[in-house]
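What follows is one structure encoded as structure tokens, with my remarks underneath.
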Amino acid sequence: MLKKNTIFYSLFTLNFLLLALPMLSSCGKEDDSTRAASDIRLQILNLSPDAYPVQLFINGGGLNRYSYNTTPAYFYLTSDQARFPLQLRSTRTDDNGVTLSSDSVNLPNTRYSLFFTGLRSEKTLRTILTVDDTASLPPIGKGGRVRFVNTAARNTGAHDIYANGVAIIRNVGFAEVSNYFTLPPGNYNFRIYPANTSATSLAELNNITVQDGRLYTIYSRGIVGRAPTDSAAFNIAVLANNPPENNR
């Protein structure tokens, strides 16, 4: 408990040095489509560089298509749609595509993210479904909560996440989702490292504002070792998983 409190107050102190930095919004915008009575929201992230666009199917019906690495946005599902498993199908025609199924998303007043990652060429394609806004929120004045999803296209082992030079999340393996870590409100520079090392970061995400009473997901994408100019270069991004107002 003492160690955790020390990390919290160390980060709080460091924020005074960073609050003057410009705020950077790195989170996807929410779809303004008609609100469903069930208030179930879903966003799709296609993080596979070689699977081509994927299309969402529910109960046999084709919905939107999602290209690689496009900015995600939540959209509403009807209560009827939410009863059925989700399917993502690659739109490749040379091998009849790839179909991956996930669980149904049937909790009312809940937001979900469905990550599609891996490499078709290495037969490692998979989906990861996360529940985004059911975690308990810290008390007002205590900051926001951050988690990490290891969704890199190629499995290169576990990773650690640092915030302003302090390790906050450790040893998250491929396709795993970490627990949430509470951070004081303020601006943060996030770094990702191979697990249990901190010599050279694999990627960084700077000037990210953590707001009071909010939930965030950092996720990895791309292939470690690719050149920065490569469309499949490894990096990290952040999603804001704001809870519905009636759950606050």
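The values are calculated or read from the model by the stated rules, or taken from the named source; none is laboratory data. Please read all numbers here as calculations on a predicted model, not as lab measurements. FYI the Cβ positions are ideal-geometry reconstructions off the backbone, even for glycines, and counts take in every protein chain you see.
Criterion first (in contact with a strand residue (DSSP E or B) (Cβ under 6 Å, 6 or more places away or on another chain), at pLDDT 85 or above, surrounded by fewer than 19 Cβ atoms within 10 Å (Cβ to Cβ) and not aromatic (F, W, Y)) does P72 satisfy it?
Working: in contact with a strand residue (DSSP E or B) (Cβ under 6 Å, 6 or more places away or on another chain): yes; at pLDDT 85 or above: yes; surrounded by fewer than 19 Cβ atoms within 10 Å (Cβ to Cβ): no; not aromatic (F, W, Y): yes.
Spelling it out, it is not the case that P72 is in contact with a strand residue (DSSP E or B) (Cβ under 6 Å, 6 or more places away or on another chain), at pLDDT 85 or above, surrounded by fewer than 19 Cβ atoms within 10 Å (Cβ to Cβ) and not aromatic (F, W, Y).
The rows are residues; the columns are (1) surrounded by fewer than 20 Cβ atoms within 10 Å (Cβ to Cβ); (2) assigned by TED's automatic domain parsing to the domain that holds Y188; (3) assigned to a strand (DSSP E or B).
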{"residue": "P108", "(1), (2), (3)": "yes, no, no"}
{"residue": "R111", "(1), (2), (3)": "no, no, yes"}
{"residue": "F115", "(1), (2), (3)": "no, no, yes"}
{"residue": "K142", "(1), (2), (3)": "yes, yes, no"}
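Among the numbered conditions (1) in the same structural domain as P53 (by TED's automatic domain parsing); (2) free of Cβ contacts under 8 Å to residues at least 60 places away in the same chain; (3) within 21 Å of N235 (Cα to Cα), the only one that E176 does not meet is (1).
Counting only residues that are among the polar types (S, T, N, Q) and at pLDDT 85 or above, which one in region 92-126 is nearest to the chain's Cα centre (by Cα)? Please lay out each step first, then the result.
From region 92-126, those among the polar types (S, T, N, Q) are 93, 96, 99, 101-102, 104, 106, 109-110, 113, 117, 121, 124; that's our starting set.
Right, trim to at pLDDT 85 or above and you get 109-110, 113, 117, 121, 124.
Numbers: N109: 19, T110: 16, S113: 7, T117: 12, S121: 24, T124: 19 Å.
Filtering first and then ranking leaves S113.
Among residues of region 60-85 that are farther than 16 Å from N109 by Cβ, those with a beta-carbon under 8 Å from a residue that is of a type in the set (A, V, I, L, M) and not in a strand (DSSP E or B) at least six positions away or on a different chain give the pairs Y68/L47; Y68/A51; N69/L47.
Taken over region 117-127, the residue count meeting the criterion of being in a loop (DSSP other than H, G, I, E, B) and surrounded by 15 or more Cβ atoms within 10 Å (Cβ to Cβ) is 4. N155 meets each of the listed conditions (1) out of contact with any Leu (no Cβ under 9 Å at 6 or more places or on another chain); (2) free of Cβ contacts under 8 Å to residues at least 40 places away in the same chain; (3) part of a strand (DSSP E or B) apart from (3).
In region 145-156, how many residues are under 15 Å from the mean Cα position of the chain (by Cα) and farther than 18 Å from T70 by Cβ? So that I can check it myself, show each step before the final result.
Kept after step one, since they are under 15 Å from the mean Cα position of the chain (by Cα), are these residues of region 145-156: 145-153.
Imposing the further condition that a residue be farther than 18 Å from T70 by Cβ reduces the set to 145-148, 150.
Within region 145-156, residues that are under 15 Å from the mean Cα position of the chain (by Cα) and farther than 18 Å from T70 by Cβ number 5.
Residues of region 187-214 that are of a type in the set (G, A, S) and modelled with pLDDT of 95 or more: A195, S201, A203. In summary, G62 fulfils each of the numbered conditions (1) surrounded by 13 or more Cβ atoms within 10 Å (Cβ to Cβ); (2) within 29 Å of A232 (Cα to Cα); (3) at pLDDT 50 or above with the single exception of condition (1).
Residue count for region 65-101 under the criterion of being closer than 21 Å to V131 by Cβ and assigned to a strand (DSSP E or B): the result is 9.
Kindly indicate the residue of region 218-242 that is in a loop (DSSP other than H, G, I, E, B) and within 15 Å of the chain's Cα centre (by Cα) and also modelled with the lowest pLDDT among those meeting that condition.
Here is the first cut: in region 218-242, the ones in a loop (DSSP other than H, G, I, E, B) are 222, 224-232, 234, 241-242.
Then keep just the ones that are within 15 Å of the chain's Cα centre (by Cα); that gives 222, 234, 241-242.
Values: G222: 95, F234: 96, N241: 89, N242: 74.
For region 218-242, the residue satisfying everything is N242.
Count of region 144-176 residues, restricted to those that are surrounded by fewer than 20 Cβ atoms within 10 Å (Cβ to Cβ) and of a type in the set (A, V, I, L, M), is 4.
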